[in-house]
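Since the structure comes first, as structure tokens, the remarks are kept for the end.
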Amino acid sequence: MLDQTALQQLRQLKTDIIESKDQGEGEVRGSQRRFGFVRMDDGRDVFLPPDAMLRVFPGDRVRVNVLTDDKGKFKGELEKLIDSPLSTFTGRYVVRGQGHFVEPDLPRFNKLLFIPPSERKKAQPGDYLHCKVQRHPWKDGKSQVKLLSKIGSPDDANVAGKYTLCKFELPFGWPAEQALQDSRAEKRRDLRAQGFVTIDSADTRDIDDALYAQADDSGWLLQVAVADPGAYIAVDSELDKAARQRATTAYLPGFVQPMLPESISQQACSLVAGEDRAALLCSMHVSKAGEISDIQFSEVLIHSQAKLSYTDVAKHLAGEHTLPFASLDALKGAADALRQWRDEHTLIMPEQADFHLDLDERGHIVGIERQDRNDAHRLVEECMLAANRSAALWLSERRDNGRALYNSHAGFREERHGNIAKLLELALPEHNGAEISQLDGYRQVVRAASHSDSTLPLRSIMARMLQPGELSAEPRPHFGLGFECYSTFTSPLRKYSDLVVQRCIRACLDGEDGGSLDDASIATLQEQLRKVRQASRQMEQWLQYQYLSKQDGEQLYQGHIAHLNGGGFTVELDDSGISGFVEARSIPEKLSFDADTLRLYNGQQNYQLEQAVTVKVAEIDPFQRKLLFTLA
């Protein structure tokens, strides 16, 4: 029997062995194949072989022993499962031999999870399921799931929408409706005689804004009246909490999941033509040079004269027919001046076409229609930008430390600054050394790229190196638009952030400083906005790929390169906006990737952003949202 001294020595030896190991914690990340990685807390990526990946899920937090091979590469040995956040998920029912499984619809999750016979609930192969993890594979590599519900079968009506709502847990249902009353009625100016009109899509029902303009000797009076749901919805009421939880109206193909009940968003607060409506008014003067001055906000009562469509207004502006509203020509004059000023002093984003998915009565896709922007879209855009920019400036000057809710954008991603410096040295040497982390330097560089005669698509290259925008409580620059600060309040029926900004404006009108959100609430709001955008995009992809899968497999498509990396490039089809990937390994002769100019090349071939290509479908799975092209 060992004495106390020997036991102490053994314990110390064990401690020394553990401390001598290269050990750490991190998060498991999957790949397109059976192996995976652990992203360590210290930033290293440690390889996990297929047998180790059988015991974990992507997203698991684990402790690993890190081994280094003779080539300096890291390989991980699993030591401990610390946390496994995966609980419920959606997926597709598949059968492999005698085994019944669910194929999880999760990023880089390429393993099948077993469904025991007692949990199958008469589901059939191909059905879409909502499941819960019942057994983690840590001990022996074997997992099991429980089927919570069958969402539907591929041929069911509106199954893509039902699946999307379930996957992203988009809320539905409303608290009991209360009587609506304008809490600010006594403070409103009566502007019902003013000639406001609304300009929107023909089928829009949640109408947020109405416009009016009048020319004078030095420019134009421009007024943007915005629906005022905040006058009817009390802060922290049950309805307000429901709207905050949704964050935004989800515009999914074939149907809309509104942020506010239709009784409010499409009726009581919508700026319907021919009806008296409460509004928050932004009034400003636009000079002939496009400068904005005399910004004023007030609470008003308006009576929209007409609901005009983009198509009808565009025809009026082109002289193809005449609409009987005198303010339209004044609005066009003010919008043109505003755009000219932006072109000279800020930044104008390149225009992109929209694509409308045509669905039948069962929610199945039957066509895709390209919709290009026209002058009516540009007119409304300039008016909205002017009103929102004015709101940001007005609030920043009146709020304590400017605190409200703003839309900010910090320009290029920090890890891309080196690539931008090399790009400038190559294509815009006169701007090499520009302070791209500052708004002025960024604007100079992007303007130079827009007007350059370089053979490289400089503006597109730079656009792929940008950070995403974010909400902030303090006024910060919006590099993408080139504004010193920016906010939005013109869509309060469909965006909770705009409703918050309206409350901040109203507080200022009352001589108060309330209405804003704390940082945690802003972060939660931003995450929900990201989730809704992702839901909409994934459903669009699913339907787009369904449409493409029904076409002739040998059909050729015209497109252009929209993004590149070392593994290949994304091609966007010109007529439908559908995006798919061309793998570099499908192209004869190895290609090298230039991270500074975003191109793939070898001695004979060169692939660059915006380059026109002809492709055909190589592999497609609508449910997995997987589309591979080959060059024709």
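State all residues of the stretch 591-605 that are modelled with pLDDT of 95 or more and out of contact with any Leu (no Cβ under 9 Å at 6 or more places or on another chain); if no residue qualifies, say none.
Ala595
Of the residues Asp513, Asp552, only one is acidic (Asp, Glu), under 24 Å from Ile295 (Cα atoms), modelled with pLDDT under 95 and outside any helix (DSSP H, G or I); which?
Asp513
Within the stretch 216-236, track down each residue that is assigned to a loop (DSSP other than H, G, I, E, B) and on the phi < 0 side of the Ramachandran plot.
Asp217, Ser218, Asp228, Tyr232, Ile233, Ala234, Val235, listed by residue number.
Which one of these is part of a loop (DSSP other than H, G, I, E, B) and modelled with pLDDT of 95 or more: Arg55, Arg92, Arg63?
None of the others qualify; the one that does is Arg55.
Taking the stretch 48-63 as the search range and keeping residues that are out of contact with any Phe, Trp or Tyr (no Cβ under 7 Å at 6 or more places or on another chain) and open to solvent by 20 Å² or more (accessible area, probe 1.4 Å), which one is farthest from Leu112 (Cα to Cα)?
The qualifying residue farthest from Leu112 (Cα to Cα) is Arg63.
Exactly one condition in (1) over 25 Å from Phe114 (Cβ atoms); (2) open to solvent by less than 50 Å² (accessible area, probe 1.4 Å); (3) modelled with pLDDT of 85 or more is false for Asp45; which is it?
Looking at each condition in turn, Asp45 falls short on (2).
For Ala387, state whether it is of a type in the set (A, V, I, L, M), out of contact with any Phe, Trp or Tyr (no Cβ under 7 Å at 6 or more places or on another chain), farther than 30 Å from Asp156 by Cβ and part of a helix (DSSP H, G or I).
Taking the combined requirement at face value, the residue satisfies it.
From the list Leu239, Leu308, which residue is open to solvent by less than 20 Å² (accessible area, probe 1.4 Å) and of a type in the set (A, V, I, L, M)?
Just a single option satisfies the conditions, and that option is Leu308.
Can you go through Leu439, Leu423, Leu466 and tell me which one is at pLDDT 95 or above, within 19 Å of the chain's Cα centre (by Cα) and among the aliphatic types (A, V, I, L, M)?
Answer to the check: Leu466.
Between Gly230, Gly219, which is within 22 Å of Leu271 (Cβ to Cβ), among the small types (Gly, Ala, Ser) and modelled with pLDDT of 95 or more?
Gly230
In the stretch 370-413, what residues are touching a Leu at 6+ places or on another chain (Cβ under 8 Å) and more than 19 Å from Lys495 (Cβ to Cβ)?
Across the stretch 370-413, the qualifying residues are Asp375, Ala376, Leu379, Glu382, Gly402, Gly411, Phe412, Arg413.
Pro492 passes all but one of (1) touching an Asp or Glu at 6+ places or on another chain (Cβ under 8 Å); (2) surrounded by fewer than 23 Cβ atoms within 10 Å (Cβ to Cβ); (3) not β-branched (Val, Ile, Thr); which number fails?
For Pro492, the failing item is (2).
Based on this model, can you work out whether Asn401 counts as surrounded by fewer than 19 Cβ atoms within 10 Å (Cβ to Cβ), in contact (Cβ under 8 Å) with a residue 24 or more places away in the chain, in a helix (DSSP H, G or I) and polar (S, T, N, Q)?
yes
Could we say that Gln267 is among the polar types (S, T, N, Q) and without any contact (Cβ under 8 Å) to a residue 12 or more places away in the chain here?
Against the criterion (among the polar types (S, T, N, Q) and without any contact (Cβ under 8 Å) to a residue 12 or more places away in the chain), Gln267 qualifies.
Could you check the stretch 510-554 and list, in sequence order, the residues that are among the basic types (Lys, Arg) and open to solvent by less than 70 Å² (accessible area, probe 1.4 Å)?
Lys531
Being outside any helix (DSSP H, G or I), aromatic (Phe, Trp, Tyr) and touching a Phe, Trp or Tyr at 6+ places or on another chain (Cβ under 9 Å) is the filter here; which residues of the stretch 160-211 pass it?
Residue satisfying the conditions is Phe196 alone.
Of all residues in the stretch 409-425, which are assigned to a helix (DSSP H, G or I) and open to solvent by 10 Å² or more (accessible area, probe 1.4 Å)?
Glu414, Glu415, Arg416, His417, Gly418, Asn419, Ala421, Lys422, Glu425
Hey, Trp394 hits all of (1) within 28 Å of Asp336 (Cβ to Cβ); (2) within 26 Å of the chain's Cα centre (by Cα); (3) open to solvent by less than 50 Å² (accessible area, probe 1.4 Å); (4) of a type outside the set (Asp, Glu) but one; which does it fall short on?
Tallying (1) within 28 Å of Asp336 (Cβ to Cβ); (2) within 26 Å of the chain's Cα centre (by Cα); (3) open to solvent by less than 50 Å² (accessible area, probe 1.4 Å); (4) of a type outside the set (Asp, Glu), Trp394 fails exactly one: (2).
Any residue in the stretch 142-168 that is over 20 Å from Asp621 (Cα atoms) and among the basic types (Lys, Arg) sitting within a Cβ distance under 8 Å of a residue that is open to solvent by less than 20 Å² (accessible area, probe 1.4 Å) and outside any loop (DSSP other than H, G, I, E, B)? List the pairs, counting only those 6 or more apart or interchain.
Close Cβ pairs satisfying both conditions: Lys146/Cys131; Lys150/Tyr128; Lys150/Leu129.
Taking the stretch 469-480 only, how many residues are within 17 Å of the chain's Cα centre (by Cα) and of a type outside the set (S, T, N, Q)?
Qualifying residue count for the region: 5.
Which of the residues belonging to the stretch 37-55 are in contact with a strand residue (DSSP E or B) (Cβ under 9 Å, 6 or more places away or on another chain) and touching a residue at least 40 places away in the same chain (Cβ under 8 Å)?
If the condition is that a residue be in contact with a strand residue (DSSP E or B) (Cβ under 9 Å, 6 or more places away or on another chain) and touching a residue at least 40 places away in the same chain (Cβ under 8 Å), then Met53, Arg55 are the ones that fit.
Among all residue pairs at least 6 apart or on different chains, which show Cβ distances below 8 Å where the first residue, located in the stretch 119-133, is of a type outside the set (Ser, Thr, Tyr) and the second is assigned to a helix (DSSP H, G or I) and open to solvent by 30 Å² or more (accessible area, probe 1.4 Å)?
His130/Cys166
Kindly indicate whether any position in the stretch 334-345 is touching a residue at least 60 places away in the same chain (Cβ under 8 Å), over 29 Å from Arg537 (Cα atoms) and in contact with a helix residue (DSSP H, G or I) (Cβ under 8 Å, 6 or more places away or on another chain).
yes
Identify the single condition in (1) of a type outside the set (Lys, Arg); (2) loosely packed, with under 15 Cβ neighbours inside 10 Å; (3) touching a strand residue (DSSP E or B) at 6+ places or on another chain (Cβ under 8 Å) that Tyr406 does not satisfy, given that it satisfies every other one.
(2)
Being at pLDDT 95 or above, more than 22 Å from Leu323 (Cβ to Cβ) and surrounded by 18 or more Cβ atoms within 10 Å (Cβ to Cβ): is that true of Ala210 here?
No, not satisfied.
Can you name the residue in the stretch 64-82 that is touching an Asp or Glu at 6+ places or on another chain (Cβ under 7 Å) and under 22 Å from Arg135 (Cα atoms) and, of all such residues, is least open to solvent (accessible area, probe 1.4 Å)?
The residue in question is Val64.
Out of (1) under 16 Å from the mean Cα position of the chain (by Cα); (2) not in a helix (DSSP H, G or I), what's the single condition that is false for Ser497?
(2) is the only condition that Ser497 fails.
When the stretch 41-95 is examined, which residues are found to be among the hydrophobic types (A, V, I, L, M, F, W, C) and in contact with a Cys (Cβ under 8 Å, 6 or more places away or on another chain)?
Phe89
The values are calculated or read from the model by the stated rules, or taken from the named source; none is laboratory data. As the structure is a prediction and not an experimental result, all values here were calculated from the model. Every residue, glycine as well, gets a Cβ built from its backbone with ideal geometry; the counts of neighbours run over all protein chains shown. Please note that ligands, DNA and RNA were not included when accessible areas were found on the heavy atoms of the full protein model with its side chains. Shrake-Rupley method; radii C 1.70, N 1.55, O 1.52, S 1.80 Å.
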